[in-house]
Amino acid sequence: MRELLKLQDVSLTYQAENGEVHALDSISFTAQEGEMIGIVGPSGCGKSTLLSVIAGLEPATRGTVLLGGEPVNGVSEKIGYMLQKDNLLNWRTIRSNVLLGLEIRKMLTKENVEYVENLLETYGLAEFADKYPPQLSGGMRQRAALIRTLATKPDLLLLDEAFSALDYQTRLTVTDDVLSILRREKKTALIVTHDIPESISMSDRIIVLSDRPARVKSIHKMEFPPRPGQSYALPLERRNTPAFGQYFNLIWKELDVHVETR
Amino acid sequence: MWKRDNKAGQEPLSPERVAYLQARNRRRWAIRLCRIFILISLIALWEILARIGVIDSFIMSQPSRILKTLTNLKNNGLLKHLGVTCFETLTGFSLGVILGNLVALILWWSDFLSKVAEPYLVVLNALPKVALGPVIIIWAGAGMQAIIVMALAISLIVTVLEMLSGFLSTDPELIKMARTFRATRYQTFTKIIFPSNLHTLFNSLKINIGLSLVGVIAGEFLVSKAGLGYLIVYGGQVFQMDLVMTSVLILAVVAALLYWGVTKLERLVLNAVSHTKV
Ligand SMILES: Nc1ncnc2c1ncn2[C@@H]1O[C@H](COP(=O)(O)OP(=O)(O)OP(=O)(O)O)[C@@H](O)[C@H]1O
Ligand SMILES: [Mg+2]
């Protein structure tokens, strides 16, 4: 496997009216092609900031981000970013929503549109393509947001709490959906979540971040028996294995969550 | 989504539902009837009091005389004056909307400019624009131009402020989403900012249609040779209260119709482009 993403000593300090905020402190790690990397950390530690730096939305104060060996400079074309909310535009049909990225990048070629139509077909949204976002369920909307991100054929996907807006039931099925889509499309992804079980169920490796400023505290490899004939297990399958609970305890201790008692 | 009640082909309504709907309809009719009743009584009272001489119809006019003036539209030139006022209002209104949106776009584009402009906008907004009347007449010339500029002056700053604050409070997540696709500032505006502010636009249209009319009438008071505002001033000077009252009445109808037109347009546009209920 090839190394797709490499962070070297990435630090970031926000300059705000009321002082400096150290958000990231010498973060280094790599991601192999096809890998799912989970990122967990205490709330407010800098997870979203880390993704913004990798996406090129926010320049690092120090350090470099290499994508496919080249430094990221400005918003990268090779990266797809999925935010917590689906951010579908209510005034556009689902089809026109999922084509938005291609439209903005002026890449509405026949070939690309066909690719998107295929994605809609494969992931069960074809019959809803002419409907509007308010007419879809939360799960379907999230899938549409994923297809919008996939449409530009990114090498690396960044998911920032992409499922936290969904209710628990929907979330379990949508994570299953999304992960099988990502695996089938052979994508590499960084998945930020505050939900430890979700992270364990989706990731090949989990990076635990410290309190702000975020440092890499530890990295854990998640090993689960793959489904027959595949190289991976889906989230719901993982949740049913004995190893799951052990990983949970491990990460939980690692995160060292203090619950304040009064 | 809730069930539509009166669509055919649906399950029969429960007795409670039927009772509720009937009560609701009765109430609606009661409200409507009361409104009409009040209007008719007021007009009747006015007419009766004028006839028995309690009020002086020379000063207060009288419904029957207003009616007579109205039926005499062709001869007294009311129609022409009405046309002039409508034209001036719509022109000032359109200019205000277009220019206001342009300025708001520029200020949205440049954070620096918008900070620079802030105190000026605040002062201009608070300033009663009618006070600029004489200045406008001298600059634009005493005529229709001055009246249109007046309407424009009254609606412009409000539009700028309203639209700018709408643009600036667009959901930052939507903007971030567009940025992840490398949207330029122009693309962000046309694809995200403007469409998400259609409701802001229509709110400002609703305010502005009324304001433009205020500007036009104020302008006509000051300079004009035609228009409902001119007619009101003229009628007052020659003590033709019938003319004044009729003009005011027509003005009220015009104001209502213009507002209604904007709401109608809003429904049309919002239904066509968005699928959230208005
Ligand atoms: N534009 C900014 N300017 C100044 N400070 C910022 C900015 N964006 C984020 N911060 C600060 O940086 C820190 C890290 O924020 P970030 O959103 O990356 O955390 P997070 O781990 O994603 O939090 P959460 O768990 O709530 O999603 C926070 O303390 C936040 O207040
Ligand atoms: Mg965050």
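The values are calculated or read from the model by the stated rules, or taken from the named source; none is laboratory data. Being a predicted model, the structure only gives us computed values, none of them experimental. All Cβ positions, even for glycine, are placed from backbone atoms using ideal geometry, and neighbour counts span all protein chains on display.
Against the definition (among the basic types (Lys, Arg), assigned to a helix (DSSP H, G or I) and farther than 23 Å from B:Leu258 by Cβ), how does B:Arg27 come out, yes or no?
For B:Arg27, the condition - among the basic types (Lys, Arg), assigned to a helix (DSSP H, G or I) and farther than 23 Å from B:Leu258 by Cβ - is met.
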Q.
I want to confirm something. Restricting to segment B:169-199 and keeping residues that are surrounded by fewer than 19 Cβ atoms within 10 Å (Cβ to Cβ) and outside any helix (DSSP H, G or I), which single residue is nearest to the other protein chains (Cβ to nearest Cβ)?
A. B:Arg182
Q: Please go through segment A:163-193 and pick out each residue that is within 16 Å of ligand 2 (Cβ to nearest atom) and at pLDDT below 85.
A: A:Phe163, A:Ser164, A:Ala165
Q.
Residues that are surrounded by fewer than 23 Cβ atoms within 10 Å (Cβ to Cβ), away from chain B (no Cβ under 14 Å) and modelled with pLDDT of 90 or more: does segment A:74-94 have at least one?
A. no
(Q) over 21 Å from B:Asp171 (Cα atoms), out of contact with any strand residue (DSSP E or B) (no Cβ under 6 Å at 6 or more places or on another chain) and either at pLDDT 90 or above or more than 16 Å from ligand 2 (Cβ to nearest atom) (or both): which single residue out of A:Gly38, A:Gly19 fits that description? (A) A:Gly19
Q) Hey, among B:Thr200, B:Thr188, B:Thr159, which residue is assigned by TED's automatic domain parsing to the domain that holds B:Val262, without any contact (Cβ under 8 Å) to a residue 24 or more places away in the chain and not aliphatic (A, V, I, L, M)? A) B:Thr188
